[in-house]
């Protein structure tokens with residue numbers, strides 16, 4: 001992989017969470033272990049850092065860190081208005097097309113600090129589904145909106161409560177192609193209900209977005225591990 005590019009396809013040679021974020025690093029390790037993983041692209045955290053170094057974003061984040069209750073809509077607008085160099089955006093568009101293979105994309109958050117041993121960031125950051133990779137404007141805006149979610153009021157407050165230093169966090173973006181899911185869900189490798197030696201599977205019809213957002217009650221199964 002070319003780590004200084006605007007985006008690249010994972011090949012199992014890194015697993016570096018500082019560059020790929022938590023999700024990206026985990027996927028890269030799976031590839032490196034020889035497991036079957038769909039073609040996955042990543043916009044590395046270095047591109048996020050380039051954007052947050054732009055004056056308008058620096059001013060915005062200064063307000064957020066100072067305790068100004070900046071609404072999520074304003075954060076989104078400032079991030080979306082920034083222009084990245086064409087060499088980077090062209091690469092993002094190219095990798096997205098390679099990953100999609102004619103399908104739409106999931107544009108997923110992959111923060112450099114998430115799902116730690118003692119802390120869970122599940123549901124804190126934005127991921128966007130069914131994004132058209134052939135529309136560069138929509139694709140690039142989606143990437144910026146995922147970055148912006150790092151600074152929405154709820155996750156910023158959550159990090160502050162937990163004592164996580166904002167200077168230690170950045171956001172990569174994972175690009176994965178969508179599948180026409182009949183059912184989807186979540187697997188807990190340790191049953192949250194407390195059943196020893198068991199995993200818990202929760203599933204709904206269609207995409208799992210309604211499950212993880214809490215809008216639907218899933219079917220649940222407990223299985224021995």
> Can you name the condition, by its number, that residue 83 falls short on among (1) touching a helix residue (DSSP H, G or I) at 6+ places or on another chain (Cβ under 7 Å); (2) not in a helix (DSSP H, G or I)?
Replying inline: (1)
> Of everything in region 202-216 that's under 22 Å from the mean Cα position of the chain (by Cα) and at pLDDT 90 or above, which residue is farthest from residue 184 (Cα to Cα)?
Replying inline: 202
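Residues are listed down the side, and each one gets a yes or a no for (1) surrounded by 15 or more Cβ atoms within 10 Å (Cβ to Cβ); (2) in contact (Cβ under 8 Å) with a residue 24 or more places away in the chain; (3) not assigned by TED's automatic domain parsing to the domain that holds residue 63:
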residue	(1), (2), (3)
124	yes, yes, no
128	yes, no, no
164	yes, yes, no
194	no, no, yes
>> I'd like the full set of residues that are touching a helix residue (DSSP H, G or I) at 6+ places or on another chain (Cβ under 9 Å) and surrounded by fewer than 16 Cβ atoms within 10 Å (Cβ to Cβ), limited to region 51-71.
In response: 56, 58, 59, 65, 68, 69, 71
>> If residue 170 satisfies all but one of (1) closer than 30 Å to residue 89 by Cβ; (2) modelled with pLDDT of 90 or more; (3) not assigned by TED's automatic domain parsing to the domain that holds residue 95, what's the number of the condition it fails?
In response: (3)
> Given the structure, is residue 69 in contact (Cβ under 8 Å) with a residue 40 or more places away in the chain, in the same structural domain as residue 108 (by TED's automatic domain parsing) and more than 20 Å from the chain's Cα centre (by Cα)?
Replying inline: yes
> Residue check, residue 48 against (1) at pLDDT 95 or above; (2) out of contact with any strand residue (DSSP E or B) (no Cβ under 7 Å at 6 or more places or on another chain); (3) buried (at least 18 other Cβ atoms within 10 Å of the Cβ), all met but one. Which one?
Replying inline: (2)
> So residue 142 clears everything in (1) buried (at least 18 other Cβ atoms within 10 Å of the Cβ); (2) at pLDDT below 95 except one condition, right? Which one?
Replying inline: (2)
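The values are calculated or read from the model by the stated rules, or taken from the named source; none is laboratory data. Quick caveat: nothing in here was measured; it's all calculated off a predicted structure. Reconstructed Cβ throughout: ideal geometry from the backbone, glycine too, with neighbour counts over all protein chains shown.
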